[in-house]
Amino acid sequence: MSAINRLRELEREIVHLHDAAAVLGWDQQTYMPKGAAAGRAEQLATLSTLAHQKLTSDEFRSTLEEAEKESATLDPDSDDAALVRVTRRDFDKATKVPEELVTEESRLTALAHEVWVEARKKNDFGLFLPYLEKIVDLSLRKADHLGYEDHPYDALLDQFEPGAKTAEVKALFQSLREPLVGLLREIQATGIESSGIMTRSYPIEKQKEVTNDVVQRIGFDFETGRQDIAPHPFCTSFGNKDVRLTTRFDEHYLPGSLYASMHEAGHGMYEQGSPDEYEGTFLRGGASLGIHESQSRFWENQVGRSRAFTNYYLPRLKEFFPESLADVDEEAFYRAANEVKASLIRVEADEVTYPLHIMLRFEIETAMVERKVNLKELPELWNSKMEEYLGITPPSDADGVLQDVHWSGGMIGYFPTYLLGTLAAAQIWNAMQSELGGLEARIEAGEFQPILGWLRERVHRYGRKYLPNELLKRATGSELDSTHMMNYLRAKYSEIYGLSVTV
Ligand code: ZN
């Protein structure tokens with residue numbers, strides 16, 4: 001057997017261990033009784049230790065080295081060559097960080113998570129502070145092991161967005177700052193208030209039917225997936241034939257389920273589109289968190305919050321909610337789905353303010369990693385940036401610096417992927433529009449198959465084969481370019497709020 005095929009066999013076991021762990025993780029966040037938490041943590045630790053041991057074993061190393069020799073003469077674009085390349089990247093990431101540090105991190109973050117929950121509940125940043133200090137310290141040590149050329153944040157960012165560079169992200173985000181803040185101020189100056197349509201009563205039983213209906217219509221396959229309820233919506237998969245979506249319900253907030261489900265279905269359809277040939281190998285899945293987010297944001301925003309989709313879906317929604325939507329026409333619903341309001345919480349932010357929430361976090365993270373901020377002063381820094389960008393000051397740290405789970409989990413470097421994905425979504429829409437044309441008419445007619453087909457062909461079928469920027473270039477013809485999102489936002493919201501289109 002060739003070394004590349006032996007590598008495939010070794011990977012299959014590792015992938016299965018991760019899949020088994022993911023099933024347990026999904027269960028933990030959906031159906032597991034509370035009392036099972038401690039036992040579940042141990043089961044998960046056992047599975048991830050086994051997977052780590054297999055990946056870092058001598059057998060794996062020598063098989064990878066032989067496979068590299070074999071692949072030297074292959075077309076670099078072939079799946080075999082890509083498999084070896086991607087495996088080398090994963091292997092290096094797993095072996096560069098010493099095992100003691102991995103163990104230290106999992107212990108620290110398990111504790112830090114508990115403390116963060118408590119700190120947030122009590123609105124006491126001081127409780128979380130010593131843990132955050134340890135997490136920043138550990139992240140810097142991890143960055144040293146992983147290695148970087150310019151900036152320690154590069155190493156951290158690379159864990160989530162392979163190939164992305166801090167300096168490039170910084171320049172990209174900075175270029176968005178003025179136009180976004182400017183657009184927000186213009187919208188705020190109109191004084192247009194919320195219609196209150198989205199916060200009427202939408203019975204939860206009916207919302208459940210809606211969320212299953214809507215994701216099925218856009219192309220999520222229930223033969224190879226399902227949808228359940230979780231406090232924080234997420235998507236996970238155990239292969240392209242078993243993809244799990246979650247959503248949540250609030251009787252008085254329809255977008256919280258409707259658009260969250262479309263968002264998660266965007267992730268889910270990406271996973272369902274991963275090729276069968278990649279199953280059980282490291283090529284399975286998505287290119288990066290940013291590319292994953294481009295798929296979810298595309299279906300949530302470019303499709304879900306469009307006028308065309310509203311025209312298509314409102315009549316259907318009215319069947320589910322005849323009373324609450326009786327007096328609402330397409331135009332009113334479209335505007336209600338796109339209300340812009342500076343708010344405290346990232347996950348509830350509209351399309352215009354969302355990027356500002358991410359930029360703020362990125363600036364704070366890089367300052368933490370550069371040791372330019374005394375962590376004690378983080379709440380003040382957070383609040384002053386909220387004021388500067390959004391014009392509001394959080395009344396409490398629970399709704400400010402303590403709102404996100406990421407830092408307690410050691411996930412410094414994760415946030416930028418949300419905005420990178422949002423930028424890519426707008427770029428993908430434009431590329432698709434110029435190739436397929438008439439996207440609005442297709443959406444209005446409920447024809448989502450050509451749209452999903454384009455994504456399958458240009459993005460999904462490559463799995464993890466290409467680095468994010470290369471994939472984007474193949475899919476759209478150019479590397480990430482933020483002008484697509486800015487043009488999209490300005491055109492859309494100028495029309496909704498009656499602003500001048502050009503600044
Ligand atoms: Zn997402």
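The values are calculated or read from the model by the stated rules, or taken from the named source; none is laboratory data. Owing to the predicted nature of the structure, the values given are computational and were not obtained by experimental measurement. Reconstructed Cβ throughout: ideal geometry from the backbone, glycine too, with neighbour counts over all protein chains shown. Quick note on the areas: whole protein, heavy atoms, side chains included, nothing else; ligands and nucleic acids left out. Shrake-Rupley method; radii C 1.70, N 1.55, O 1.52, S 1.80 Å.
For the stretch 156-198, which residues satisfy the criterion of being among the hydroxyl-bearing types (Ser, Thr, Tyr) and crowded, with 17+ Cβ neighbours inside 10 Å?
Answer for the stretch 156-198, where residues must be among the hydroxyl-bearing types (Ser, Thr, Tyr) and crowded, with 17+ Cβ neighbours inside 10 Å: just THR166.
For the stretch 453-487, enumerate the residues that are open to solvent by less than 50 Å² (accessible area, probe 1.4 Å), in a helix (DSSP H, G or I) and out of contact with any Lys or Arg (no Cβ under 7 Å at 6 or more places or on another chain). Answer for the stretch 453-487, where residues must be open to solvent by less than 50 Å² (accessible area, probe 1.4 Å), in a helix (DSSP H, G or I) and out of contact with any Lys or Arg (no Cβ under 7 Å at 6 or more places or on another chain): GLY453, TRP454, LEU455, HIS460, TYR462, PRO468, LEU471, LEU472, THR476, HIS484, MET485, MET486.
Just so you know, in the stretch 274-287 the residues that are open to solvent by less than 10 Å² (accessible area, probe 1.4 Å) and within 16 Å of the ligand (Cβ to nearest atom) include one that is farthest from ARG458 (Cα to Cα), and it is GLY285. Here ARG248 meets the list (1) touching a residue at least 40 places away in the same chain (Cβ under 8 Å); (2) of a type in the set (D, E, K, R); (3) within 16 Å of the ligand (Cβ to nearest atom) almost entirely, failing just condition (1). No other residue among ALA441, ALA424, ALA431 is in a helix (DSSP H, G or I) and within 16 Å of the ligand (Cβ to nearest atom) apart from ALA424. Considering only residues that are assigned to a helix (DSSP H, G or I), closer than 25 Å to ASP154 by Cα and open to solvent by 20 Å² or more (accessible area, probe 1.4 Å), which ones fall in the stretch 368-401? Hits for the stretch 368-401 are LYS376, GLU377, LEU381, LYS385.
Only one entry of GLU66, GLU114 meets the criterion of being within 24 Å of the chain's Cα centre (by Cα) and open to solvent by 60 Å² or more (accessible area, probe 1.4 Å), and that entry is GLU114. Per this entry, VAL84 is not counted among residues that are open to solvent by 30 Å² or more (accessible area, probe 1.4 Å) and either β-branched (Val, Ile, Thr) or assigned by TED's automatic domain parsing to the domain that holds LEU381 (or both). Scanning the stretch 420-440 for residues being in contact with a helix residue (DSSP H, G or I) (Cβ under 9 Å, 6 or more places away or on another chain) and either hydrophobic (A, V, I, L, M, F, W, C) or free of Cβ contacts under 8 Å to residues at least 40 places away in the same chain (or both) gives a total of 13.
Within the span defined as the stretch 24-39, one or more residues are part of a helix (DSSP H, G or I) and either of a type in the set (Phe, Trp, Tyr) or in the same structural domain as GLU279 (by TED's automatic domain parsing) (or both). The sole residue among THR483, THR393, THR476, THR417 that is among the hydroxyl-bearing types (Ser, Thr, Tyr), more than 16 Å from the ligand (Cβ to nearest atom) and in contact (Cβ under 8 Å) with a residue 40 or more places away in the chain is THR476.
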